[in-house]
Amino acid sequence: MASISLRVSFLWMSFRETRVKSRTEVQYLIDWYFNMELTMQYNSSVGGWTGFTPAGLITAAKFNADKHDVVQRILERELGLDADGGSELDLAKAFVEPNVSLQTVEDNDPTLECSALDFYPKPIRLTWFSNGQEVTQGVTFSDVLPNGDWTYQAHTYLTLTPGKQDHISCMVQHASLKEPKIYNWEPSMNQTDRDYIIGGVCALVLGAVFLCVGLIHYKQKWNTFAI
């Protein structure tokens, strides 16, 4: 029996494949642990998830009702069969690292957005930090949405007006990453700063125009006086 174990945030998932001669007899299992307790299991022979704890029963029912999850497990099983001549399960080859970006929703809106795009598999965790401390107030999350090509996307939003000395970051935890990755928000110039700069540039331009007009007038007056 071959096995691959990986940690995703607060849960453990163990992927197992039973080696048999016939491709149709391969049993694909996923053991799902929470706080080191087996909460539910996926079994390809059963064709779905089975919960073993109250939380596991709820999550298993949700996954079984999710048509995207059903197709995903079938794909994982097929990928495992096709890898290394059909004898070794290597889901790590199927992992896709998320493409992460941080941005403000609008210039005048104090809402920051952390987006994780085009990743696989589905479980992912996004966490906000301010000056190294986890932020839970003013945080909202989108659902993990399928892209239609076996990859997923997820978004989280932070309503916060950071000071100039604040360091805002978004931590991403995903099975494709050997360790959590932290992405720092680079604050762009806010509207007030832009207004000051635009006003300063306009003042310089107007000053240059008045200076040129004054020099021309002075030169004309000097030429008239010289004659």
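Since every read-out is calculated from the coordinates, none of them should be taken as a lab result. What you are looking at is a predicted structure, and each value in this text was computed from that prediction instead of being measured. No Cβ is skipped: glycine too gets one built from the backbone with ideal geometry, and neighbour counts run over all protein chains shown.
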- Query: For the stretch 99-184, what is the charge dipole size about the Cα centre, in debye to the nearest 20, if Lys and Arg each add +1 at the Cβ and Asp and Glu each add -1 at the Cβ?
  - Reply: 340 debye
- Query: Based on the Cβ-Cβ distance from Q27 to D143, what FRET efficiency comes out when R0 is 22 Å, to the nearest 0.05?
  - Reply: 0.10
